[in-house]
1. Where in region 1-47 are the strands (runs of 3 or more DSSP E), entirely inside, with at least 2 residues that are at pLDDT 95 or above and open to solvent by 50 Å² or more (accessible area, probe 1.4 Å)?
2. Determine which member of the set Ser77, Ser57 is more than 16 Å from ligand 2 (Cβ to nearest atom), open to solvent by 70 Å² or more (accessible area, probe 1.4 Å) and of a type in the set (Gly, Ala, Ser).
3. Quick one: how many residues across region 257-290 are modelled with pLDDT of 95 or more, within 12 Å of ligand 2 (Cβ to nearest atom) and surrounded by 15 or more Cβ atoms within 10 Å (Cβ to Cβ)?
4. Could you give every pair whose Cβ atoms fall below 7 Å, whose first residue belongs to region 181-196 and is closer than 18 Å to Gly142 by Cα and in contact (Cβ under 8 Å) with a residue 60 or more places away in the chain, and whose second residue is within 16 Å of ligand 2 (Cβ to nearest atom) and part of a strand (DSSP E or B), counting only separations of at least 6 or pairs across chains?
5. Given the conditions (1) touching a Leu at 6+ places or on another chain (Cβ under 9 Å); (2) in a loop (DSSP other than H, G, I, E, B), and given that Leu243 satisfies all but one, which numbered condition is not satisfied?
6. Taking Pro83 as the residue in question, decide whether it is away from ligand 1 (no atom under 16 Å from the Cβ), open to solvent by 20 Å² or more (accessible area, probe 1.4 Å) and not assigned by TED's automatic domain parsing to the domain that holds Val136.
7. Go through region 153-179 and count every residue that is in a strand (DSSP E or B) and under 18 Å from Val100 (Cβ atoms).
8. Among the candidates Ser135, Ser64, single out the residue that is open to solvent by less than 40 Å² (accessible area, probe 1.4 Å), within 14 Å of ligand 2 (Cβ to nearest atom) and small (Gly, Ala, Ser).
Amino acid sequence: MALLLHLADFNERRWADGFAAALPGHKVVTRADAYDPKEIEYIFIWKPKPDAFAGLSNLKAILSLGAGVDALLRNPSLPDGVPISRFMDDDLTRRMSDYVLAQATMHQRLFTRFKRDQQARVWKQLYPAPAWDTSVGIMGLGSLGTDAIRHLKVFGYKLRGWSRTEKQIEGVETFAGAEQFDAFLAGTDILVNLLPLTAETQGILNFETFSKLKRGGIDGTGPVVINAGRGGHQKEADLVKALTDGTLGAASLDVFEVEPLPQDSPLWALDNCYITPHIAAASSERTGVAYFSKAIVDFEAGRPLPSVVDRTRGY
Ligand code: NDP
Ligand code: OXD
């Protein structure tokens, strides 16, 4: 068995050393090493180059460091029929829930407004709407969306969720499919995007969506959008317009149409836009090595791979 690491923006050598220690007796190579493409049976991958799979004619499985596989599925050299297993573990999930909770409470408690007042040396007593009277709507009720809900519930938020297929989650008003999207938006003060990027969800965070959100919440400043899904979900020109004309009160963005966010993006300068550089839920090296080493050992022993992507669905 030979495992190839193809990880852009990560320390490939360090991850390879981790896999080599966890998989004694197996060959682990990086793109910088000498290897015969025909001997590669597993590839562990993030941000694939266009020719990432060229010559890998004996692949048994593709292991995605990312929980999101949109870039992989778009890759022109992706071979048909090879199963793709994506990363899904507690550590990553809890990091995302931290991010969502931190952003939601920041907006609901008006910390954003108080910071601006502080900078202007203004003493102004604003009283935030309580969590129980603030509705958070989660787009995507998969592994990340349901865990974010679990954490938000503890804080007492009114919760709504939207998914492709119908769901029942205790204490959450759920909506499904395109036909219930408007009803979902109409009762949402804080919209959180945790969808995968697919042909159906591309550009879903657009001006029309923003203008259908509930008005009057978050101290009357306008609804809030939190996007930790993918940059392809958001139309940035629409975000700039909505954040400028009051259709949105604020946005927290972790992902962007182009990453790194270009220097000339108008989003940088908007004081109601809160930018993080795609760090909401980074994959941990320790848990990543453990998760995929076990996946390989299990698969070699005839057991199924974890979190296999449905290529026709796109996630
Ligand atoms: P899952 O596959 O577990 O869940 C996806 C959810 O989205 C499901 O509930 C699914 O509905 C729903 N969905 C998919 N398509 C549609 C649609 N057309 N309309 C309505 N709902 C839809 O994904 P995860 O929760 O694990 O991850 C979500 C995304 O988060 C990833 O794809 C990735 O892009 C992003 N991510 C971002 C990170 C960051 O650091 N910013 C880190 C990790 C992930 P149903 O349940 O009906 O199938
Ligand atoms: C992921 C990410 O998909 O970090 O895991 O964006």
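The values are calculated or read from the model by the stated rules, or taken from the named source; none is laboratory data. Since we're looking at a predicted model, the values are computed, not measured. All Cβ positions, glycine included, derive from the backbone under ideal geometry; neighbour counts span all protein chains shown. Just the protein is used for accessible areas: all its heavy atoms, side chains included, with ligands, DNA and RNA removed. Shrake-Rupley method; radii C 1.70, N 1.55, O 1.52, S 1.80 Å.
1. Filter on region 1-47 gives an empty set.
2. Ser57
3. 4
4. From residues that are closer than 18 Å to Gly142 by Cα and in contact (Cβ under 8 Å) with a residue 60 or more places away in the chain, the pairs are Val192/Met139; Val192/Ile226; Leu194/Met139.
5. Going through the list (1) touching a Leu at 6+ places or on another chain (Cβ under 9 Å); (2) in a loop (DSSP other than H, G, I, E, B), Leu243 breaks only (2).
6. no
7. 9
8. After ruling out the rest, the residue left standing is Ser64.
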